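K.L.:
Starting off with a structure, shown below.
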Amino acid sequence: MTISPESHASTAAPVRRRHLTGAALKWIYLGIGLLATLVPFLWMVSGSFRTEKDLYGNPASLIPSSPFLHGYTDVWSQLPFGRLFLNSVIFTVVTTLLTLFFDSMCAYALARIRFKGRNVVFIIIIATLMIPFQVTLVPVFDELYHFGWLNTYQGLIIPRATSAFGIFLFRQFFIDIPPELDEAARVDGANHWTIYSRIILPQAKPAIATVALMNGMNLWNDLLWPLVVSSSTEMQTLPAGLTLFGGQHVTDHAVLLAGSTMSMIPIALLFFFLQKYFVAGISTTGLK
């Protein structure tokens, strides 16, 4: 039985129309999602260049009527912005490095060392993800008070130096690394530290980048923990400092929005440089 060219063309035309309709709907959905994501950010950046009169007179506008740099110049005089920024950098960088170290070591033990109760320990660690951070806030604060660690860097950093999610992600990634590499290293006389540092970690760059990026973003934007632990301006981070500035003063919104815009730049740069490893880590962990 032969199919005429006319019937083939009549059959292919609806298929092409459905394909074009699906592609158009996809781009429409993506455009709506992009607008929903970008509009708040664009409004924040625009507001940092606007006067109070312009901002209150036309709050829905994304274009300043008369752009000026008052917000970016006065943020240094109205806020201890340099100190707040330094505290955020120290808190985020040091805590993230400690998290990578402790989480990866714990994950190595759970993934590569066989011991009794290993699965039970892992289940307990995962179960802690279901406990809200606020539940442990008061007991941890009480311990820091007795240690004399309030308003100190160690008080900010040490309680946040591990992450159940980081342990989970590292463990899932380490399990996928062929165990034959460990056996070959042991034949050459390598111990667990050598295997961990020279064989496992070099192959876990996507997992390292993923944990570093996600923890770094959470720590940089963390408000509650620094606000509880640090009551002095000298130890506050950017989110806490900007929040207190907006609540204790007649708020200059240009200064507040300029500080918020500047605080986003380090995280944006971090994501830009680590996005390749981040996507690889999310897409391959536990799926190999």
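The values are calculated or read from the model by the stated rules, or taken from the named source; none is laboratory data. Note that this is a predicted model, so its numbers are computed, not measured. Glycine gets a Cβ as well: all are built from the backbone with ideal geometry, and neighbour counts include every protein chain shown. Surface accessibility is based on the protein's heavy atoms, side chains included, excluding ligands, DNA and RNA. Shrake-Rupley method; radii C 1.70, N 1.55, O 1.52, S 1.80 Å.
The rows are residues; the columns are (1) over 29 Å from the mean Cα position of the chain (by Cα); (2) in a helix (DSSP H, G or I).
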site	(1), (2)
I32	no, yes
L35	no, yes
F41	no, yes
V45	no, yes
F49	no, no
K53	yes, yes
P67	yes, no
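K.L.:
While we're on this one: For segment 240-259: of the residues being of a type outside the set (A, V, I, L, M, F, W, C) and surrounded by fewer than 21 Cβ atoms within 10 Å (Cβ to Cβ), which is modelled with the lowest pLDDT? First the steps, then the outcome.
P.N.:
Initially, segment 240-259 is screened for residues of a type outside the set (A, V, I, L, M, F, W, C), giving 241, 243, 246-249, 251-253, 259.
Narrowing further to those that are surrounded by fewer than 21 Cβ atoms within 10 Å (Cβ to Cβ): 243, 246-249, 251-253.
Numbers: T243: 83, G246: 67, G247: 62, Q248: 60, H249: 55, T251: 68, D252: 77, H253: 82.
So the residue we want is H249.
K.L.:
Just give me the residues in segment 202-224 being farther than 15 Å from F272 by Cα and either more than 16 Å from the chain's Cα centre (by Cα) or open to solvent by 20 Å² or more (accessible area, probe 1.4 Å) (or both), in sequence order.
P.N.:
Residues satisfying the conditions are P202, Q203, A204, K205, I208, N215, N218, N221, D222, L223, L224.
K.L.:
Looking only at segment 70-98, how many residues end up being open to solvent by less than 20 Å² (accessible area, probe 1.4 Å) and not in a helix (DSSP H, G or I)?
P.N.:
Selection size over segment 70-98: 1.
K.L.:
Just checking: which of the helices (runs of 4 or more DSSP H) contained wholly in segment 99-196 hold 3 or more residues that are touching a residue at least 60 places away in the same chain (Cβ under 8 Å), within 20 Å of the chain's Cα centre (by Cα) and farther than 28 Å from V229 by Cα? Quick ask: steps written out before the conclusion?
P.N.:
Values: elements: 118-127, 137-147, 153-157, 164-175, 180-187, 192-195.
The qualifying helices (runs of 4 or more DSSP H) are 164-175.
K.L.:
Quickly run through segment 180-200 and pick out the residues that are open to solvent by 70 Å² or more (accessible area, probe 1.4 Å) and not basic (K, R).
P.N.:
Answer for segment 180-200, where residues must be open to solvent by 70 Å² or more (accessible area, probe 1.4 Å) and not basic (K, R): E180, E183, V187, D188, N191, H192, W193.
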